[in-house]
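The values are calculated or read from the model by the stated rules, or taken from the named source; none is laboratory data. All of these numbers come straight from a predicted model, not from anything done at the bench. Because the Cβ atoms are built from the backbone with ideal geometry, glycine has one as well, and the counts that use them run over all protein chains shown. Ligands, DNA and RNA are stripped out before the accessible areas are found, and what is left, the full protein with its side chains, is counted by its heavy atoms. Shrake-Rupley method; radii C 1.70, N 1.55, O 1.52, S 1.80 Å.
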Amino acid sequence: MAIIDFKFALEQVPEVLKGVPWTLTIAIVAMIFGVLFGLLIALCRIYKIPVLNQLSILYISFIRGTPLIVQLYVFFYGVPVLLGYLNPRLGLSIEADNISPLIYALVAYTINTAAYQAEIFRSSINATSAGQMEAAYSVGMTTAQGLYRIILPQAIVIALPNLGNLFINLIKATSLAFAVKVVEILAISKIIANDGYRFLEMYLVASIIYWVICLVCEIIFSKLEKKMGRFEARMDLKAPA
Amino acid sequence: MLISDYIIRVDREGDRLIELKNIKKSFKKNPVLKGVDLKVNKGEVLVIVGPSGSGKTTLLRCVNYLERPDEGTISVDGFSVEGKNASKKDILNLRRKTAMVFQHYNLFKNKTVLENVMEGLLVAKKMKAPEARNISMDLLQKVGLGEKINDYPTQLSGGQQQRVGIARALALNPSAILFDEPTSALDPEMVGEVLSIMKKIAGEGMTMVIVTHEIDFARDAADHVVFMADGVIVEQGPPKDVLSHPKHERTKQFLKRLVREPEYEI
Ligand SMILES: Nc1ncnc2c1ncn2[C@@H]1O[C@H](COP(=O)(O)OP(=O)(O)O)[C@@H](O)[C@H]1O
Ligand SMILES: [Mg+2]
């Protein structure tokens, strides 16, 4: 018997690929909601909105200071307790058992990634020059208009490389989603491995699938950077030093 | 002599457009404006000169409330704002009276030349795109950048960027344009192209408040010159008085240093 059974590994690929939609769904949905919440949190911090600013600091500190897998467990076991407390008081009847694992994962990963995105957006908004907002004011824009039309488009371009890294980390982090009972790439691989005692083969299959997904994402993000940053005079496009 | 003085005084009391009363402003404990009064008439070109750090920029930025005064009143074109407790709406209304040209141009980096000029028309004036485009195109032709409308600011020279800045200000059809050292960030060979456009605009009757170190330009284009030092107005009057026959010692010293400067460069 070969040390690595490639035939077995190849045969299992289609089965493991069934986990890809779960991985992508969690990563993409969490990323999109993370952008929304992350931006709002970043603005609360930049404009030092009372209470919300302090809450944001606390939240970001907690998320960044605890392992994701611990957060997932706290969330998974905490939500039923929370519902048990809220249901009678708010007259609701939401059964924790009826919430699908995917919903758990989407919410938990959004909570996690929004904290990181808030910090990315905060620093990228601060990296746009103060003169840009002043110019927006000088042509009669409100703060909201200046943010939406001038500052955020620039800040997103500055943030894009970091957002790309974050998204790739998010994809890899979905391999922890078994903690909330989502059966994605890694979970499927483990199940098959357990059945056939082919651990190395299955982990190799999983790692190659993750790798390919991440490669594709990197390409997409670098295309996006080029497209969105067309107004920037980039270091690597300038004349040689 | 007497008669000309009289005429000037009458002129100065003509159609008032901007009036600052007792403007005070401190940064932390550092008093930067110590109770400044300033009047600008309609169609007037008012030049503010003075040593660096004297509060010229801060004063100019109080006019469109980029800086919040600690005390004083700002009136522009019949709209008055109490310095300290202006509401958001007041500030917006005040800002929409004027336009500003910045030392470092501050063109919107994520917008093309044309979009830079259209932006205020679309957003603040709620103009339809085709009309805004026509107005902007005309103004860009006027400042000599009709060929560059689709470039981004980073693709332009400093002089070109500042001309876009001027077109952006003109597009708003403001009551007055505020210029904060519009040529001091420019390479020397580009100063002329910007100053000549400013002269052209002045000739068309635009009210302009200009902070600058270009004394020759001030002599030539200003109707009224204000000399500031240490957060107060030391001396003001027609350019031939303030710049050629200054009364105060501070003004004399300042002008002497400005005139002497080129000698050091040799
Ligand atoms: N945002 C600020 N924070 C703190 N100090 C400031 C700020 N802006 C200006 N100053 C100070 O106010 C004084 C006047 O500045 P400014 O109005 O820019 O002078 P000028 O334009 O005449 O050179 C300077 O001493 C400067 O350091
Ligand atoms: Mg200044």
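Annotation note: of B:Gly35, B:Gly53, the sole residue that is more than 13 Å from ligand 2 (Cβ to nearest atom) and surrounded by fewer than 22 Cβ atoms within 10 Å (Cβ to Cβ) is B:Gly35.
The conditions of being without any contact (Cβ under 8 Å) to a residue 24 or more places away in the chain, out of contact with any Phe, Trp or Tyr (no Cβ under 7 Å at 6 or more places or on another chain) and of a type outside the set (Val, Ile, Thr) are met by A:Leu83.
Does A:Ile63 satisfy the criteria of being farther than 25 Å from A:Lys181 by Cβ and open to solvent by less than 40 Å² (accessible area, probe 1.4 Å)? Criteria not met by A:Ile63.
Regarding region B:63-76, can at least one residue be identified that is open to solvent by 50 Å² or more (accessible area, probe 1.4 Å), within 16 Å of ligand 2 (Cβ to nearest atom), farther than 23 Å from B:Gln236 by Cα and at pLDDT 95 or above? No, because not a single residue in region B:63-76 is open to solvent by 50 Å² or more (accessible area, probe 1.4 Å), within 16 Å of ligand 2 (Cβ to nearest atom), farther than 23 Å from B:Gln236 by Cα and at pLDDT 95 or above. Close Cβ contacts (under 7 Å, 6 or more residues apart or on different chains) running from residues in region B:43-57 that are under 7 Å from B:Met228 (Cβ atoms) to residues that are in a loop (DSSP other than H, G, I, E, B) and open to solvent by less than 30 Å² (accessible area, probe 1.4 Å) comprise B:Ser54/B:Gly231; B:Gly55/B:Gly231; B:Lys56/B:Gly50.
Taken over region A:1-59, the residue count meeting the criterion of being within 30 Å of A:Ala127 (Cβ to Cβ) and assigned to a loop (DSSP other than H, G, I, E, B) is 5. Being exposed (fewer than 13 other Cβ atoms within 10 Å of the Cβ) and hydrophobic (A, V, I, L, M, F, W, C): is that true of A:Val51 here? Judged against the criteria, A:Val51 is a match.
In summary, B:Leu139 fulfils each of the numbered conditions (1) surrounded by fewer than 18 Cβ atoms within 10 Å (Cβ to Cβ); (2) under 19 Å from the mean Cα position of the chain (by Cα) with the single exception of condition (1). Of the residues B:Asn150, B:Asn173, B:Asn85, B:Asn93, the single one that is within 10 Å of chain A (Cβ to nearest Cβ) and open to solvent by 20 Å² or more (accessible area, probe 1.4 Å) is B:Asn93. Test each condition in (1) touching a residue at least 24 places away in the same chain (Cβ under 8 Å); (2) more than 11 Å from ligand 1 (Cβ to nearest atom); (3) within 14 Å of another protein chain (Cβ to nearest Cβ); (4) hydrophobic (A, V, I, L, M, F, W, C) for B:Phe79 and report the one that comes out false. Condition (1) is where B:Phe79 drops out. For the residues B:Gly165, B:Gly205, the requirement of being open to solvent by 30 Å² or more (accessible area, probe 1.4 Å), of a type in the set (Gly, Ala, Ser) and in contact (Cβ under 8 Å) with a residue 24 or more places away in the chain singles out B:Gly205.
This table checks each residue for (1) among the charged types (D, E, K, R); (2) at pLDDT 95 or above.
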residue	(1), (2)
B:Ala124	no, no
B:Ala132	no, yes
B:Met137	no, yes
B:Leu145	no, yes
B:Gly158	no, yes
B:Ala167	no, yes
B:Asp180	yes, yes
B:Glu189	yes, no
B:Lys200	yes, yes
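Within region B:215-224, is there a residue that is open to solvent by less than 20 Å² (accessible area, probe 1.4 Å), within 14 Å of chain A (Cβ to nearest Cβ) and within 16 Å of ligand 1 (Cβ to nearest atom)? The answer is no; no qualifying residue exists. The residue of region B:96-124 that is least open to solvent (accessible area, probe 1.4 Å), among those that are more than 7 Å from chain A (Cβ to nearest Cβ) and without any contact (Cβ under 8 Å) to a residue 24 or more places away in the chain, is B:Leu122. Give the residues of region B:43-79 that are within 18 Å of the chain's Cα centre (by Cα) and hydroxyl-bearing (Ser, Thr, Tyr), sorted by residue number. Result: B:Ser52, B:Ser54, B:Thr57, B:Thr58, B:Tyr65, B:Ser75.
Determine, yes or no, whether B:Val40 is modelled with pLDDT of 95 or more, more than 14 Å from every other protein chain (Cβ to nearest Cβ) and under 13 Å from the mean Cα position of the chain (by Cα). Against the criterion (modelled with pLDDT of 95 or more, more than 14 Å from every other protein chain (Cβ to nearest Cβ) and under 13 Å from the mean Cα position of the chain (by Cα)), B:Val40 qualifies.
The residues of region B:174-188 that are in contact (Cβ under 8 Å) with a residue 24 or more places away in the chain and more than 16 Å from ligand 2 (Cβ to nearest atom), listed by number, are B:Pro174, B:Ser175, B:Ala176, B:Ile177, B:Asp187.
Has region B:125-136 got at least one residue that is under 19 Å from the mean Cα position of the chain (by Cα) and within 14 Å of another protein chain (Cβ to nearest Cβ)? Within region B:125-136, not a single residue is under 19 Å from the mean Cα position of the chain (by Cα) and within 14 Å of another protein chain (Cβ to nearest Cβ). B:Phe254 meets the conditions (1) over 21 Å from B:Val113 (Cα atoms); (2) away from chain A (no Cβ under 14 Å); (3) of a type outside the set (Asp, Glu); (4) not in a helix (DSSP H, G or I) in every case but one. The failed one is (4).
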